[in-house]
Amino acid sequence: MLGIETSCDETALGLVEDGRRILAACTASSLQRLRPYGGVVPEIVSRFHVELITRELENLLAQAKIGPSAVDQIAVTYGPGLSGSLAVGVAAAKALGLAWGKPVIGVNHLQAHLYAALLGRDPMALTEPAIGLVISGGHTALILMEGTKRCRALGQTRDDAVGEAFDKTAKLMSLGFPGGPEIERAALRGDPRAFRFTVPKIRGGSPYDFSFSGIKTAVLHKIQKEGSLSAGFVADLAASFQSSVVEEVVMKAVGACREHRVPRLVVGGGVIANGRLRGRLAEVAGDFGIDLALPEVAWSTDNGVMVAGLGAHLKGQPLSRLTVVPDLSVEMN
Ligand code: KG4
Ligand code: ZN
C-alpha cells in the first residue's frame, strides 16, 4: 500500500505491507521556505507539493527497491487540511491510480494520526473500544472509538489547537517555527514551577473541550511585564507553559477513559512527539491501569506511513467520488 500525505506543509509518502510492516518512508518538509514567514503559507506549501511529489515518489520506490507494479493500492489523505495542499495529493493519487490501474482509497488524516500508534501492533486491537486523542498543529480532538467504523467526538478545542498554542507561544518568546520542538528544547533548562498558568474552566458544551488562548495571553502578559527575553526567563516560561498544557491534556484524556470505563488510550498528532507529554501520559495512564498506545516519535508528525497503514483497512471508491474535504470531521471515514 502506497500512502500519500499532503494535507499541510509536508510532502510525505510511505509504503506499508499488510497494514503494519513499514517498507519505506520519505518526507520533504517545506520548513526552510516557511521560516521567513514564521508559519504555514497555504499558497507556498501547495506549490511545494507540486514540485516535490514526483521526486519523493521516485525516492520511495528506490528506497524499497520496487517498481510501480509492486504497488497494489494507493491511499491518500483527502481531509481535513488545507484545500490546495490536499488537492495536490488527491490529484497525484488519482493520476497514479489511472496510470497504474490500481484502486485509490481516501483516508481521514486525523484517524491516520491515531493509526500511527497502532502500527506494528496486533490489528485486532483496532476493533476494541478506546479513547482517541488527536493533538496536532491544526486539530485537537478527543474521541470515543468503538471500532474502526464508529467514532464519537467527545471534545475539541474552543480556540487554538494544542500544536498551534505551542507555535503561537513560541513566537511570543521569539523562538523558531514550528514552536513545539523549540519550546521543548528551551524548557529543558527551565523550571516548570517558575510560573503558574491555569487553564480556564470550560463553561457550557462538553467538559472535554479544550481552550488554550487564555494561557497564551498569560504568557504574553508575563513577557510584557518582564520587558526583555533573557535565556533564563524564556527557559522558565517555556517549561511552565509546557507543563500546564501537558497536565491539561493528560487529565482530560485520562478522565475520558475513566468516565467511559475504557481502559485504552490511543494518541496521535505532532504534539505527541513531546517527551514531557509522553512521560506524563505513561505515568498517569499507568496509575489508572490504562493501556496506552503512542506512535513512535518518527510517526507522530505528518507522514505517509500512517496513511498507507490505515488505508489497508479501508475500501477504495470510484475515482470520480474522491475529492478533497478540508473540514472533514474526525468521525467520518
Ligand atoms: O501532526 P502535525 O505534523 O501536523 C498537523 O497535522 O498539524 O503536527 C504539527 C504540530 C506543530 O504545531 C508542532 O509545533 C507540533 O506538532 N509539535 C510539537 C512537537 N513536535 C511537533 N509540539 C510539542 N512538542 C514537540 N516536540
Ligand atoms: Zn497531521
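The values are calculated or read from the model by the stated rules, or taken from the named source; none is laboratory data. Everything numeric here is computed off the predicted structure, so don't read it as measured data. Ideal geometry is used to build each Cβ from the backbone, glycine not excepted, and the neighbour counts take in all protein chains shown.
Among the listed residues V254, V262, V284, identify the single one that is closer than 20 Å to I143 by Cα, in a loop (DSSP other than H, G, I, E, B) and away from ligand 2 (no atom under 16 Å from the Cβ).
Within the list V254, V262, V284, the selection yields V262.
For the range 185-217, how many residues meet the condition of being within 19 Å of G138 (Cβ to Cβ) and among the charged types (D, E, K, R)?
Residues that pass the stated criteria total 2.
What residue, among those in the range 272-323 that are β-branched (V, I, T) and more than 15 Å from ligand 1 (Cβ to nearest atom), is surrounded by the fewest Cβ atoms within 10 Å (Cβ to Cβ)?
By that ranking, first place goes to T323.
Find all pairs meeting these conditions: Cβ atoms under 8 angstrom apart; at least six residues apart or on different chains; first residue within the range 246-257 and buried (at least 18 other Cβ atoms within 10 Å of the Cβ); second residue of a type in the set (D, E, K, R) and not in a helix (DSSP H, G or I).
C257/R264
Please state which one of S240, S213 is among the polar types (S, T, N, Q), at pLDDT 95 or above and within 16 Å of ligand 1 (Cβ to nearest atom).
Of the residues listed, the single one that is among the polar types (S, T, N, Q), at pLDDT 95 or above and within 16 Å of ligand 1 (Cβ to nearest atom) is S240.
Is it the case that some residue within the range 56-75 is within 16 Å of ligand 2 (Cβ to nearest atom), touching a strand residue (DSSP E or B) at 6+ places or on another chain (Cβ under 8 Å) and not assigned by TED's automatic domain parsing to the domain that holds G155?
Taking the range 56-75 first, the residues within 16 Å of ligand 2 (Cβ to nearest atom) are 75.
When the remaining residues are screened for being touching a strand residue (DSSP E or B) at 6+ places or on another chain (Cβ under 8 Å), the result is 75.
Among the residues that remain, those that are also not assigned by TED's automatic domain parsing to the domain that holds G155 are: 75.
Yes, the range 56-75 contains at least one residue that is within 16 Å of ligand 2 (Cβ to nearest atom), touching a strand residue (DSSP E or B) at 6+ places or on another chain (Cβ under 8 Å) and not assigned by TED's automatic domain parsing to the domain that holds G155.
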